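The structure appears right after this line, and notes come after that.
The values are calculated or read from the model by the stated rules, or taken from the named source; none is laboratory data. Computed from a predicted structure; not experimentally measured. Note that we place each Cβ from the backbone using ideal geometry, even for glycine, and neighbour counts take in every protein chain shown.
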Amino acid sequence: MAGSILDATEALLQRAQAKITYLGDQDKPIGSVIFSSAGHSVSMRPFLAVQPSPTAYTNDQSPYSTHFSVTPVEFRRMLQAVKPALDRSGTSPRAPVLSFTVVRETGQTVDGQEFLLGYESGERFYRSLIDALDPVNGPGRAALIRQFRSIYPE
């Protein structure tokens, strides 16, 4: 796919998944949040294909990690919603605290990208992502809000 994974169409997102991982200091475990297109089986291996590290991040292996499903239309809306926060953040902030990785599988290949966010970009990122979810996606809202509040307490 030419261009950014953030511009993928609904058709291209049929076999896609995304992962939000907290990379900063923590006093308690903050599990990763993974969402995928409905009907797509989640696997951590495709994420490793686009991350610079050949091993999973510590929080990716946490028993507190959660998963929820979205429709391809919802997936696209979420990617479009966070695009401004990711564009402003760039891909290499001085001190990254969040990794947002989006991948899609096409046969035997993986297409995707990892975006790193600094602390100052993360709140806008989460709010945009949560606002883009379908109002009836209770599991998605709960997972994202739980991770968001673990990093950005009220």
Task: Residues of the stretch 95-154 that turn out to be more than 22 Å from VAL50 (Cα to Cα) and either touching a His at 6+ places or on another chain (Cβ under 6 Å) or of a type in the set (D, E, K, R) (or both), as a count - done: 10
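Pick out the one residue from ASP131, ASP60, ASP111 that is under 15 Å from LEU23 (Cα atoms) and at pLDDT 90 or above.
Sole residue among the options that is under 15 Å from LEU23 (Cα atoms) and at pLDDT 90 or above: ASP60.
Among the candidates THR21, THR71, THR9, single out the residue that is among the β-branched types (Val, Ile, Thr) and within 17 Å of LEU117 (Cβ to Cβ).
THR21
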Open item on the list: Give all pairs with beta carbons closer than 8 Å in which a residue from the stretch 101-114 that is touching a residue at least 24 places away in the same chain (Cβ under 8 Å) meets a residue that is hydroxyl-bearing (Ser, Thr, Tyr); count only pairs at least 6 apart in sequence or on separate chains.
Closed with: THR101/THR21; GLY112/THR101; GLN113/SER4; GLN113/THR101; GLU114/THR91; GLU114/SER99; GLU114/THR101
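Mind checking which residues of the stretch 101-154 are aromatic (Phe, Trp, Tyr) and part of a strand (DSSP E or B)? Spell out how you get there, then give the answer.
To start, the set of residues in the stretch 101-154 that are aromatic (Phe, Trp, Tyr) comprises 115, 119, 125-126, 148, 152.
Within the stretch 101-154, PHE115 is the sole residue that qualifies.
Would you confirm, using the coordinates I've provided, whether PRO84 is in a helix (DSSP H, G or I) and either among the basic types (Lys, Arg) or in contact (Cβ under 8 Å) with a residue 60 or more places away in the chain (or both)? So that I can check it myself, show each step before the final result.
Values: in a helix (DSSP H, G or I): yes; either among the basic types (Lys, Arg) or in contact (Cβ under 8 Å) with a residue 60 or more places away in the chain (or both): no.
No; evaluated as a whole, the condition is false for this residue.
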Task: Matching residues, the stretch 134-154, being touching a helix residue (DSSP H, G or I) at 6+ places or on another chain (Cβ under 9 Å) and small (Gly, Ala, Ser) - done: GLY140
Task: Cross-chain or 6+ apart pairs with Cβ under 8 Å, the stretch 58-75 first and surrounded by 17 or more Cβ atoms within 10 Å (Cβ to Cβ), then among the basic types (Lys, Arg) - done: ASP60/LYS19; THR66/ARG146
